[in-house]
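Asks: Sharing a structure, written as C-alpha cells. Questions coming.
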There are 4 protein chains.
Amino acid sequence: MKKQQIQASVKDERLVEKRRDEMIKGAVSLFKKKGFHRTTTREIARESGFSIGTLYEYIRKKEDILYLVCDSIYDRVHTKFEQHKMDLEHGTLEGLKQGIRNYFRVVDELQDEFLVMYQESKSLTKETLPYVLQKEKEMALLLEKMLTRCVENGELFLSKEQVQLLSHNIVVLGQMWGFRRWVIQKMFTLDEYIDMQIDFLFNGILRNKNSENLEN
Amino acid sequence: MKKQQIQASVKDERLVEKRRDEMIKGAVSLFKKKGFHRTTTREIARESGFSIGTLYEYIRKKEDILYLVCDSIYDRVHTKFEQHKMDLEHGTLEGLKQGIRNYFRVVDELQDEFLVMYQESKSLTKETLPYVLQKEKEMALLLEKMLTRCVENGELFLSKEQVQLLSHNIVVLGQMWGFRRWVIQKMFTLDEYIDMQIDFLFNGILRNKNSENLEN
Amino acid sequence: MKKQQIQASVKDERLVEKRRDEMIKGAVSLFKKKGFHRTTTREIARESGFSIGTLYEYIRKKEDILYLVCDSIYDRVHTKFEQHKMDLEHGTLEGLKQGIRNYFRVVDELQDEFLVMYQESKSLTKETLPYVLQKEKEMALLLEKMLTRCVENGELFLSKEQVQLLSHNIVVLGQMWGFRRWVIQKMFTLDEYIDMQIDFLFNGILRNKNSENLEN
Amino acid sequence: MKKQQIQASVKDERLVEKRRDEMIKGAVSLFKKKGFHRTTTREIARESGFSIGTLYEYIRKKEDILYLVCDSIYDRVHTKFEQHKMDLEHGTLEGLKQGIRNYFRVVDELQDEFLVMYQESKSLTKETLPYVLQKEKEMALLLEKMLTRCVENGELFLSKEQVQLLSHNIVVLGQMWGFRRWVIQKMFTLDEYIDMQIDFLFNGILRNKNSENLEN
DNA sequence: AATGAATGAGATTTCATTCAT
DNA sequence: AATGAATGAAATCTCATTCAT
C-alpha cells in the first residue's frame, strides 16, 4: 500500500510542505465545525492565509485536502506514540497497561482530528481510501504487537484470534472517548475513564466480584 | 425531546407513510453507497420510484430525508429489540448474555443503516440533531437497565458508574461489528464474534488464563 | 376590441360565474399582498375555497385569473360610476365638478384593485393586454365626454387637444390618491384632497393669488 | 435611511462598478420587455455579456439586481437634474417653469427606467423597499423646494399644503408622459405636452377662457 | 363537477476548478 | 509563485398544469 503522492505545481519542496501544513491546519479547524462537504475550497484558502489560486498550486482536487488531512493525522498519531515511548519491548502486563494508557491519551489529544477523519474518510475516492484504511489497520497492529509480546512472554493466555479482536476492541474503546464525548466526558475525567476501561479489559465484569484488591 | 414533524403537502396520511417508506428505502441504499452529500435529491426520487416533484410533495428540504432515515432506523431498532423479546425481566447472567447477544444480532441486521446514521447524522440541523442524539442515548439505556437488574439481583457487583460505562462499551462493541466490517467480518462469523466478545466482557483477559472451562 | 372569452370545462354557466367571482375575490386579496407572480395557483384555490383541480375547471392558465381580475375591476368601476349617477347630461361646471368628485371617490373605494391592476397588467399576454388597455382608455373617455359637454355649452374654452389631455390628467390625479397613498393619505383626508385638486384644476396656481373668494 | 450595500465577491471596486453597470444596463433592457419576474438570472447574465457564475460574483440574490437598477435610476435622475442646472436659486416664475420643463425632459429620457422602477419596486424586500420609497419622496422634495422659493419671493400665493400637493402633482404628471405613452405620445410631441401642462398648472381651466395672451 | 396526487420543466444559486495576469 | 476573476456544471427546490378517480 503506497503512500499516495499529491501532485503540486510548485517545485520548491520545502515551500510545498510549509503551505500544506498551513492548509491542513486550516482545513481541520473548518472540517471540525462544518464537515468536509460543507466546507468550501475558498474557505480553506482564506483560513490558511492564502488565495484560492495559491491553494490550487499545492493540490489538484478538493479531495486531496481531505487525504492530506487524514494522512497528517496518522503521522501525528505515530509521532505521539513515539513521544510516549510506548513500551513494546518488555512484554509485561505493566508495560501493556502503560501502552494502552498512552494510546488513550493520544486519542484524547487528537480527538477533533479523529472525529474529522472518521466522519469524512468515506468521502475519499477509491484511490486514496485504501491507503487510509490501511493506516487504520496499522493502529490496531501496534496494539496487537504489544499483546502478542505478552502472550509470548507467558503473561497472557490468548489465542491469535483473541489477540486480534482485542486489539480492535482497545482501538474502538479509545475512539469512544472522543466520539461519545457529549455523554462520556460529562461522566468521567480522562483518568477515571482509563482506569475503569483497563479494569474491565483485564478483569471483566464477573471478576469484579472480588477484584477490589486488584491494582489497576 | 419531541419527535420532529416533517410537513407533507399530500393529505392522505396512509399514502404519506407509504411513500416515505419507499423514500427511506431508496435513500438508505444510496447513502450507503455515496453518503448523504454525494446523493442528489433526483437520485433519491428515481431510486424511490417517483419523480422529483413527487418527492417534494412528501418533504420540504433534502435534510428532511436524512431525518426520516435516522428516525426510521431507531424505530426499527426498537422493533427488532421487541421481536427478540429482550429479557429485561429476569436479571440473571444468562438473561444478560441473551440480551447482549440479541443486541449484536440487531446491529448485524441493520448494519448498513447504522453506518449511514453515524456518518451522516452530523449533517442534521440544530433542530433535528438533538432528537437523534437522544435516541442514541436511549439505546445505551436499554442495556443499562439490564445490567442494573443484574446488580440489584446480586448477580453482578458493579458501581453505578461502572454500569453506565459498560452499557456504552457494549453499544460501541456492537457497532464495531458493522463499522469495522472490512476487517472484523473477514476474521470472524457473527456467532464467533459474539461469543468472543461476551467472553471478554465477562471474564476479561487475565481471567482467561484459566477460563477454558467456562461456558460462553 | 372584443372581450376575451375564458374557456371553462364546466358547462353550467351560473356555476361558472359564481366560482369565478369567488376566485376573483380570493385572487385580488392575495395579489394585493404578494403580487401576481408571488401568488401561486394553489394559494388562490385555497383562498377561494376550493381545490386546485376545481380551479382549473374554470380557467385554463394562471394568467386567465389575472385577466378575470382586471376585467372585473373595470366592471366594478363602471358600476360605481353608475351608482354615483355621474351627471354627464347637464354640461355645467357644477356638474363637471360633481363628476370629478365622484370619480375620485370611486378610485378611493377601489384603490387596492387599481393598484393590483396597474402593477400586474403588464403580465398579461399579447392577446389579453390590448383589451385591458382599451378599458383604460374608456375611463379617460368618460371624463372627456363630460368636459366636451361643458365646452359645447360654452362653459369652458378648451381645444380638442386640451380636453383630451385634461381628461388623462384627471384620471392620473385620481390614481395618484391610491398609488401614493403612503405619503398623500398621510397628509390629507379624501375630501381635502378632492377640494384642493379641483381648485388647482380649475384655477391653476397663478389664479390662486386672488382666488380666495372662489367657491370650490 | 441608509443606502443598502450589495455585497460582491470580487474585490476590485472599479471592476465591481463596471460589471454592475453592464448588469444594470442588461437588466433594464430585459425588465422593460418582460418584467422582473419573467426575466431569468441567466438571461440577465447573457444580456450583460458574462456567465451566470460571473453574475453571482457581483450580487448575492436576484433581488439585488432589482435594487441596483432602482438605485441607479435615482442616481441618474439626480445627475440629469444637475446637468440641467435646475434653477433653484432665483425663485422666479420663469425659473420655476424652467425647472418643471427640465424635470419633464428627464422623465422623457429615462422613461423606460421609470416604468421598470414603478412596476417592479414592490418586488423588493422589506430591507430595500424603504430606501427606494425614500428616494421617491426626495424627487417630490426637489420640486417642493422650487415652489417654496417662489412663495417666499411673493411670486406665488400658496399654503404649505398646497405646495406639497402640487409638487406631487407635477411628479405624477411627469410620469404620466412615460406611463401612458401608448396614448399620450401618440397625441403630442414632448414640447407640446410640456407647454400644455405648464399652461394648465399655472392657469387652470377656467383662466383659459381669456388666457390666450399669457406667455407660457 | 370535484379532488388532489403526480409530474417535470425550469428557476435560482453554489462552488470546484482554471487561467490570464 | 501568487492572485482572484471567470466559468458553467450541477444541485436544490418550486409550481403551473394534468388526469385518474
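The values are calculated or read from the model by the stated rules, or taken from the named source; none is laboratory data. In this text the structure is predicted, and so the values were computed from the model without any measurement. Cβ coordinates were reconstructed from backbone atoms using ideal geometry, including for glycine residues, and neighbour counts include every protein chain displayed.
Asks: Any residue in region B:35-55 that is more than 27 Å from residue A:63 (Cβ to Cβ) sitting within a Cβ distance under 9 Å of a residue that is more than 10 Å from DNA strand E (Cβ to nearest atom) and among the basic types (Lys, Arg)? List the pairs, counting only those 6 or more apart or interchain.
Replies: These pairs meet every condition: B:48/B:25.
Asks: Another question about this same structure. Here is a list: C:55, C:96. Which entry is away from DNA strand E (no atom under 16 Å from the Cβ) and surrounded by 14 or more Cβ atoms within 10 Å (Cβ to Cβ)?
Replies: Details: C:55 fails: away from DNA strand E (no atom under 16 Å from the Cβ).
The conditions single out C:96.
Asks: When you go through B:62, B:137 one by one, which is the residue that is touching a residue at least 12 places away in the same chain (Cβ under 8 Å), basic (Lys, Arg) and surrounded by 15 or more Cβ atoms within 10 Å (Cβ to Cβ)?
Replies: Details: B:137 fails: touching a residue at least 12 places away in the same chain (Cβ under 8 Å).
Exactly one residue qualifies, and that residue is B:62.
Asks: Please tell me if residue A:149 is of a type in the set (Lys, Arg), within 27 Å of residue B:140 (Cα to Cα) and at pLDDT below 95. First the steps, then the outcome.
Replies: Details: of a type in the set (Lys, Arg): yes; within 27 Å of residue B:140 (Cα to Cα): no; at pLDDT below 95: yes.
So residue A:149 fails the test.
Asks: Taking region C:91-130 only, how many residues are over 18 Å from residue C:79 (Cβ atoms) and in contact (Cβ under 8 Å) with a residue 40 or more places away in the chain?
Replies: 18
Asks: Something else: Could you check region A:37-78 and list, in sequence order, the residues that are basic (Lys, Arg) and either more than 18 Å from residue A:103 (Cα to Cα) or not in a helix (DSSP H, G or I) (or both)?
Replies: In the first step, residues of region A:37-78 are kept if they are basic (Lys, Arg); the result is A:38, A:42, A:46, A:60-62, A:76.
Passing the criteria: A:38, A:42, A:46, A:60, A:61, A:62.
Asks: I want to confirm something. Restricting to region C:179-207 and keeping residues that are of a type outside the set (A, V, I, L, M, F, W, C) and under 20 Å from residue D:184 (Cβ atoms), which single residue is surrounded by the fewest Cβ atoms within 10 Å (Cβ to Cβ)?
Replies: From region C:179-207, those of a type outside the set (A, V, I, L, M, F, W, C) are C:180-181, C:185-186, C:189, C:191-193, C:195, C:197, C:199, C:203-204, C:207; that's our starting set.
Still in the running and under 20 Å from residue D:184 (Cβ atoms): C:180, C:197.
Values: C:180: 18, C:197: 23.
Looking at residues that are of a type outside the set (A, V, I, L, M, F, W, C) and under 20 Å from residue D:184 (Cβ atoms), I get C:180.
Asks: Considering D:2, D:33, which residue is within 16 Å of residue D:124 (Cα to Cα), more than 13 Å from DNA strand F (Cβ to nearest atom) and not assigned by TED's automatic domain parsing to the domain that holds residue D:197? Steps first, please.
Replies: Values: D:33 fails: within 16 Å of residue D:124 (Cα to Cα).
Of the residues listed, the single one that is within 16 Å of residue D:124 (Cα to Cα), more than 13 Å from DNA strand F (Cβ to nearest atom) and not assigned by TED's automatic domain parsing to the domain that holds residue D:197 is D:2.
Asks: Taking only region B:120-161 into account, find how many residues are charged (D, E, K, R), within 12 Å of chain A (Cβ to nearest Cβ) and under 26 Å from residue B:201 (Cα atoms). So that I can check it myself, show each step before the final result.
Replies: At the first step, the residues of region B:120-161 found to be charged (D, E, K, R) are B:120, B:122, B:126-127, B:135-138, B:144-145, B:149, B:152, B:155, B:160-161.
Subset that is within 12 Å of chain A (Cβ to nearest Cβ): B:120, B:122, B:136-138, B:144, B:155, B:160-161.
Adding the requirement that they be under 26 Å from residue B:201 (Cα atoms) leaves B:136-138, B:144, B:155, B:160-161.
Qualifying residue count for the region: 7.
Asks: Scan region C:140-165 for residues that are surrounded by fewer than 18 Cβ atoms within 10 Å (Cβ to Cβ) and without any contact (Cβ under 8 Å) to a residue 12 or more places away in the chain and jot them down.
Replies: C:154, C:157, C:159, C:160, C:161
Asks: Filter region A:173-197 down to residues that are within 8 Å of chain B (Cβ to nearest Cβ) and among the aliphatic types (A, V, I, L, M) and give me whichever is farthest from residue B:118 (Cα to Cα).
Replies: Ranking the candidates gives A:196 first.
Asks: Another question, then. With B:3, B:18, B:25 as the choices, which residue is more than 14 Å from DNA strand E (Cβ to nearest atom) and either in a helix (DSSP H, G or I) or within 14 Å of chain A (Cβ to nearest Cβ) (or both)? If you could, list the steps in order and put the result at the bottom.
Replies: Values: B:3 fails: either in a helix (DSSP H, G or I) or within 14 Å of chain A (Cβ to nearest Cβ) (or both); B:18 fails: more than 14 Å from DNA strand E (Cβ to nearest atom).
Selected residue: B:25, the only one of B:3, B:18, B:25 that is more than 14 Å from DNA strand E (Cβ to nearest atom) and either in a helix (DSSP H, G or I) or within 14 Å of chain A (Cβ to nearest Cβ) (or both).
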